[in-house]
Amino acid sequence: MTAFPQQAQSPFNPDEHRVGRVLCFAAHPDDIDFGAAGTIAAWTAAGVQVSYCIMTDGDAGGFDPVHRADIIALRDAEQRRAAELVGVTDIHYLHQRDGYLEPSHEVMKGVVRLIREIRPDVVLSMHPERNWKRIQKSHPDHLAVGEAVTRAVYPAVENPFAYPELAEAGLDAYKLPWLWLYAGPEERENHFVDVTEHVESKLRAIHVHVSQHPDVDAMEATVRQGMQANAARAGLADGRSAEAFHVVAVNGPGTIAGF
């Protein structure tokens with residue numbers, strides 16, 4: 001994956017910083033595919049182990065008022081098929097109610113548990129800040145994911161006295177190196193990944209979520225345009241595509257320990 005000189009404010013340099021495991025958080029099935037499936041496909045193609053955690057079951061999604069009882073199983077099946085298309089098979093759910101997600105201690109504890117279990121190099125999460133340019137990116141559940149994950153990443157994940165029952169169960173405190181945030185305000189984005197070689201995989205993954213897209217052609221055109229706009233912002237050549245992130249260094253050589 002490529003770092004771009006004009007984005008010097010990004011603390012992540014793919015030539016220097018190793019990524020072996022990634023844990024991705026989202027509010028609903030399909031959020032990760034829209035936000036980061038190209039980057040995830042690039043990671044898995046390079047041998048990176050990627051896991052998903054979907055916080056809700058997506059039970060308020062879709063457009064069919066008749067078969068609501070089947071929506072949870074349908075959306076889970078869609079997410080699993082979409083994930084396989086970009087090389088991911090490890091999927092976890094927190095089973096929160098769609099539309100009611102809050103950054104509660106129940107949710108935060110679930111986040112801490114998974115991070116301590118998987119011990120990833122990168123946690124990828126939705127952004128906690130609202131995007132006023134395109135408010136649809138800022139569903140309240142999306143913001144709750146970002147807030148819960150950010151609170152969990154620091155200090156709870158690395159504090160051995162936070163949620164002590166986790167430590168008692170053998171899940172030791174862990175210092176996460178990197179937090180990558182997606183679906184946030186454009187002005188926060190400081191890192192771009194060239195996903196040109198994985199655009200079609202991303203789109204195939206998105207297409208799997210047929211229950212969520214009444215206008216498939218418009219959806220695909222919007223996604224393509226967004227990735228091309230990201231590439232232009234990153235200074236890539238015409239015809240390239242990119243995904244954009246707000247990358248935060250959580251723990252590194254210069255980090256001062258403390259809660």
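The values are calculated or read from the model by the stated rules, or taken from the named source; none is laboratory data. Small disclaimer: the values here were computed from a predicted structure and weren't measured. With ideal geometry, Cβ positions are generated from the backbone for all residues, glycine too; neighbour counts draw on all protein chains shown. SASA here: full protein model, heavy atoms, side chains in, ligands and nucleic acids out. Shrake-Rupley method; radii C 1.70, N 1.55, O 1.52, S 1.80 Å.
Points worth noting:
- Of the residues making up segment 102-119, at least one is closer than 23 Å to Trp43 by Cβ, in a loop (DSSP other than H, G, I, E, B) and out of contact with any helix residue (DSSP H, G or I) (no Cβ under 9 Å at 6 or more places or on another chain).
- Residue in segment 141-151 that is part of a loop (DSSP other than H, G, I, E, B) and modelled with pLDDT of 95 or more present: no
- Within segment 24-48, tally of residues that are among the aromatic types (Phe, Trp, Tyr) and assigned to a helix (DSSP H, G or I): 2
- Close pairs from segment 22-44: first farther than 14 Å from Ser241 by Cβ and open to solvent by 10 Å² or more (accessible area, probe 1.4 Å), partner among the polar types (S, T, N, Q) and not in a helix (DSSP H, G or I), Cβ under 9 Å, at least 6 apart: His28/Thr56
- Annotation note: Cβ proximity below 6 Å between a residue of segment 72-94 that is under 18 Å from Gln49 (Cα atoms) and a residue that is modelled with pLDDT of 95 or more and open to solvent by 50 Å² or more (accessible area, probe 1.4 Å) (sequence gap 6+ or interchain) occurs for Leu85/Arg204.
- Of all the residues in segment 140-174, those that are of a type in the set (D, E, K, R), out of contact with any helix residue (DSSP H, G or I) (no Cβ under 7 Å at 6 or more places or on another chain) and open to solvent by 40 Å² or more (accessible area, probe 1.4 Å) number 3.
- Scanning segment 238-259 for residues that are in contact with a helix residue (DSSP H, G or I) (Cβ under 8 Å, 6 or more places away or on another chain) and of a type in the set (A, V, I, L, M), we see that the one that is most open to solvent (accessible area, probe 1.4 Å) is Val250.
One line per residue, one yes/no per condition, for (1) surrounded by 14 or more Cβ atoms within 10 Å (Cβ to Cβ); (2) farther than 30 Å from Ala173 by Cβ:
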| position | (1), (2) |
| --- | --- |
| Asp57 | yes, no |
| Phe63 | no, yes |
| His67 | no, yes |
| Leu85 | yes, yes |
| Val88 | yes, no |
| Ile91 | yes, no |
| Leu94 | yes, no |
| Asp98 | yes, yes |
| Val111 | yes, no |
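- Matching residues in segment 111-148 - criterion: being free of Cβ contacts under 8 Å to residues at least 40 places away in the same chain and farther than 16 Å from Ile32 by Cα: Arg134, Ile135
Rundown of residues vs (1) more than 19 Å from the chain's Cα centre (by Cα); (2) at pLDDT below 95; (3) over 30 Å from Leu74 (Cβ atoms), yes/no style:
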| residue | (1), (2), (3) |
| --- | --- |
| Tyr174 | yes, no, yes |
| Trp180 | no, no, no |
| Glu189 | no, no, yes |
| Ser201 | no, no, no |
| Ile206 | no, no, no |
| Val210 | yes, yes, no |
| Pro214 | yes, yes, no |
| Phe245 | no, no, no |
